[in-house]
Amino acid sequence: MASVTETTMPSEVLSVVRPLAWRMVAERRGSTVWEAESKQHGRVAVKVGAPIDEKRGYTALAPAREATVLHALGRPHVAYGTWERGTWSVQPWYDGDDLWSLWSGHRNDPSAPIDYLTAAECVESVDRLHSDGWCHGDIQPAHLIVTGGTDGVRLIDLAFARGGTLNGLYEFPYPGCLVHYEAPEISRDVLATGTAVPSPSADVYALGASLLIAATGMRAMVYPDDAERPVQRQAVVDNKRRPFDLPDPFGSMLDQMLSYEPCDRPALSEVAAEFRKAVAPG
């Protein structure tokens, strides 16, 4: 990591992190994320939010809202607060590869065997969140961090999660997620009203879409690459499912997870059990 200068992060964040070094991980859609080395807190993820525009001001609130979710779940977090354009948060950094990066080899060689162990760990990570009484609302391959150790898969980016009572200062209506992973009922409601109610069954759909795109590079639904989000969402509502041919139980489980009706999607415990049975001995 490169040395830092005091002008890169808001002063409110610098006073908490006091970073020795850092690197920018992402800067998009009103959110900037760094990995930083802090003498006091060790390696941390630093998130700073700002509004994209008048309609998408939630990006300014997301970092602090995620911190309150972590607090409600009893998960590690360092600090959060406000700055002149929005909110920020600091939480532990988790080592590992996100699912999209880890499965690049399978996308390049479709004949490669399915990584059933990782698939099962991803499913179990989401199932644990549901068991805690929460749904994620923004599952995608980049939010599934495969640690390769006893921690299994870490489910990150919980700013859209719903479940418990949070600090109302940082609440905002659920705006939907990346449409590649959006369940039909979510797309339908967002098109109609601008918001929706995330649910465990929508998470099941999103996880199925995430596993599909990470393994094959294909979206679950067919729409032009440059389509605007309303066009994408209408394709989801119209159920323009892309056919795929994957070995079972991977293919059959994904097909069920991507069912149009929420009640037709399987329990995650069932999916995890099928994937576990398919893990090669040794």
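What number, in percent, do you get for the relative contact order of the stretch 37-118 if the mean sequence gap of Cα pairs under 8 Å and at least 6 apart is divided by its residue count?
The normalised contact order for the stretch 37-118 reaches 27 percent.
State to the nearest 20 debye the size of the charge dipole of the stretch 2-92 about its Cα centre, where the only charges are +1 on K and R beta carbons and -1 on D and E beta carbons.
Magnitude of the dipole: close to 240 debye.
Helix-derived [θ] at 222 nm for the chain: sum -39500 (n - 2.57) over DSSP H runs of at least 4, divide by residue count, nearest 500?
Value at 222 nm, helices only, nearest 500: -11000 deg cm²/dmol.
Where the only charges are on Cβ atoms (+1 Lys, Arg; -1 Asp, Glu), what is the dipole of the chain about its Cα centre, to the nearest 20 debye?
480 debye
In a GNM of the chain with a 10 Å cut-off on Cα contacts, which of V48, V126, V190 has the highest mean-square fluctuation?
So, out of V48, V126, V190, the one fluctuating most is V190.
If R0 is 51 Å, what FRET efficiency do you get for E54 and S252 from their C-beta distance, rounded to 0.05?
0.70
What's the FRET efficiency of D109 with R242 using the Cβ-Cβ distance as r and R₀ = 25 Å, to the nearest 0.05?
0.80
Roughly what angle does helix 268-278 make with the longest principal axis of the chain, taking Cα atoms, 0 to 90 degrees, to the nearest 10?
Tilt of helix 268-278: around 70 degrees.
Can you give me the distance in nm between label points at E270 and V25, each placed 7 Å from the Cα along the Cα-to-Cβ direction?
A separation of 3.5 nm, rounded to one decimal place.
Where a Cα-Cα gap under 22 Å defines reach, which lysines qualify for K55, not counting those fewer than 8 residues away within the same chain?
K47
Would you mind counting up the charge near L117? Only other residues with Cβ under 15 Å from its Cβ, with Lys and Arg at +1 and Asp and Glu at -1.
The answer is -4.
Lys and Arg at +1, Asp and Glu at -1: add these up for the other residues within a Cβ distance under 13 Å of T32 and post the number.
So the environment of T32 carries a net charge of +3.
Just subtract the alpha-carbon distance of S131 and S101 from 0.36 nm times their residue separation and send over the number in nm, one decimal.
Gain on extension, S131 to S101, equals 8.0 nm.
Taking square-rooted eigenvalues a ≥ b ≥ c of the alpha carbon gyration tensor, is the stretch 2-92 rounded, prolate or oblate, where a/c under 1.5 means rounded and, failing that, a/b exceeding b/c means prolate?
Since a/c reaches 1.5 but b/c is at least a/b, the shape of the stretch 2-92 is classed as oblate.
Relative contact order (percent) for the stretch 140-282, with alpha-carbon contacts under 8 angstrom and 6 or more residues of separation?
The value is 21 percent.
In whole angstrom, and with the biggest value first, how far do the Cα coordinates of the chain range along each principal axis?
Principal-axis extents of the Cα atoms in the chain, largest first: 52, 49, 35 Å.
Could you tell me which of Y58, V17, C263 has its Cα farthest along the dipole of the chain towards the positive end, charges placed at Cβ (Lys, Arg +1; Asp, Glu -1), taken about the Cα centre?
So the residue we want is V17.
Residue farthest toward the positive end of the dipole of the stretch 97-278, with Cβ of Lys/Arg at +1 and Asp/Glu at -1: which of L207, P184, N167?
Result: P184, furthest along the dipole toward the positive end.
Given N residues in the stretch 140-282, what is its alpha carbon radius of gyration divided by 2.2 N^0.38 Å?
Rounded to two decimals, the normalised Rg is 1.10.
Can you give the FRET efficiency to the nearest 0.05 for F172 and V231, using r as the Cβ-Cβ distance and R₀ = 22 Å?
Efficiency at R0 = 22 Å is approximately 0.35.
Could you list the trypsin sites (Lys or Arg not before Pro) in the stretch 158-255 that lie in coil according to DSSP, counting only those with at most 16 other Cβ atoms within 10 Å of their Cβ?
Within the stretch 158-255, the qualifying trypsin sites (Lys or Arg not before Pro) (loop, at most 16 other Cβ atoms within 10 Å) are K240.
We did not get these values from a lab; they are worked out from the coordinates using the rules stated. Here the structure is a predicted model, which is why all the values come from computation and not from measurement. So basically every Cβ, Gly included, is an ideal-geometry build from the backbone, and we count neighbours across all protein chains shown.
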